[in-house]
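The block underneath contains the structure these notes are about, expressed in structure tokens.
Each value in this text was obtained by applying a stated rule to the coordinates, not by laboratory testing. Just so we're clear, the structure is a prediction, and the values are computed from it rather than from any experiment. Cβ placement follows ideal geometry from the backbone for every residue including glycine, while neighbour counts extend to all protein chains displayed.
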Amino acid sequence: MRKLSNQLGNKMFIINCKNYEEIAGEKIIKIAKIAEKISKKYKVPIAVAPPHNLISLITKFKIIVLTQHVDDKKVGSTTGFMVPEIVKKSKIDGSIINHSEHRISEKEIISLVRRLTKLKLKTILCVKNVNEVKKYVKLNPTFIAIEPPELIGTGRAISTEKPALITNAVQSVKNAKNSTKLLCGAGIISGQDVSKAKELGSNGILVASGIVKAKNWEKIMSEFCKGLKSQ
């Protein structure tokens, strides 16, 4: 059985491929194949979120497959949108919601988290600060991913640049007393960055260029998994 989405445990490693040239076309298959191998080796769930047109190329692998975005639109005559109920029928495990590069309204966030949860799809809700953590953790998404926009793609990791942001977010999630877990992202490029994030209380990471633009995908994925498993 391909799906690992019901075996997430307390760790999660999400690779947001964005629309980087490095994963265009059949290159997405290579990164998915490596993710499957490393996930099995280190027993860390790895999710890959490819561009929408490439999703069907990686659903055969034993990894978690996410969409980068979904739309709060109905099933039917809604051309050009990613609709949750259709996503559900496409061997996809869930979606990123409200990424800093694709922000949506509060109304849409609330509706989408509820729709995906009803469909038993995983929800990775992105926020930019602790105030947004406090607001949206009440929806009980699967994960809240805190990513300060000013650090995304800089190579300056949230875990070293803004450690208090992680610890405060962790506490806010704990205060909600539900099943939501915290991820962190932005600027993470090394296993040390990952290990520090875990030490601060993060349950995992949401990364993009730190993986996709790396010269050796197998090496950097292994390094990140070791960081997640460190004591």
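Brief remarks follow.
- Applying D = kT/(6 pi eta Rh) to region 34-123, where Rh is the Kirkwood radius over alpha-carbon pairs, T corresponds to 20 °C and eta to 1.002 mPa s, the Stokes-Einstein value obtained is 155 µm²/s.
- Calculated FRET efficiency for the pair Glu85/Glu199, C-beta based, R₀ 35 Å, to 0.05: 0.30
- Applied to region 199-216, the Karplus parametrisation 6.51 cos²θ - 1.76 cosθ + 1.60 on θ = phi - 60° returns per-residue 3J(HN,Hα) values of 4, 7, x, 6, 8, x, 9, 10, 10, 9, 4, x, 9, 4, 8, 6, 6, 10 Hz, with x for Gly and Pro.
- Overall form of region 66-169 per C-alpha gyration tensor (a/c, 1.5; a/b vs b/c): prolate
- Charge dipole (the chain, unit charges on Cβ, about Cα centre) - positive-most of Pro148, Phe61, Thr160: Phe61
- Along region 90-98 the Karplus relation, 6.51 cos²θ - 1.76 cosθ + 1.60 evaluated at θ = phi - 60°, assigns HN-Hα couplings of 10, 6, 10, 8, x, 8, 6, 10, 6 Hz to successive residues, with x for each Gly and Pro.
- Only the Cβ atoms of Lys and Arg (+1) and of Asp and Glu (-1) were treated as charged; on that basis the dipole of region 122-231 about its Cα centre amounts to roughly 300 debye.
- Fully extended contour minus Cα-Cα distance, from Leu57 to Glu106, at 0.36 nm per residue: 14.4 nm
- Rg(Cα)/(2.2 N^0.38 Å) for region 12-229, N = residue count: 0.95
- Difference of contour (0.36 nm per residue) and Cα-Cα distance, Leu119 to Ala176: 18.3 nm
- Simple point charges give the picture: +1 on the Cβ of Lys and Arg, -1 on the Cβ of Asp and Glu, and for the chain a dipole about the Cα centre of about 940 debye.
- Segment Asn129-Lys229, length gained on full extension (0.36 nm per residue, minus Cα span): 33.4 nm
- For peptides 168-177, 202-211, sequence by mean Cβ density within 10 Å, most packed first: 202-211, 168-177
- If R0 is 35 Å, the Cβ-Cβ spacing of Lys219 and Ser77 corresponds to a FRET efficiency of close to 0.15.
- Close amide H partners of Gly187, meaning residues 5 or more places away or on another chain with modelled amide H under 5 Å apart, are Gly153, Thr154, Gly155.
- Using θ = phi - 60° and Karplus 6.51 cos²θ - 1.76 cosθ + 1.60, couplings along region 166-182 (whole Hz; Gly, Pro as x): 5, 5, 5, 5, 4, 5, 5, 5, 4, 5, 6, 6, 10, 8, 4, 10, 9
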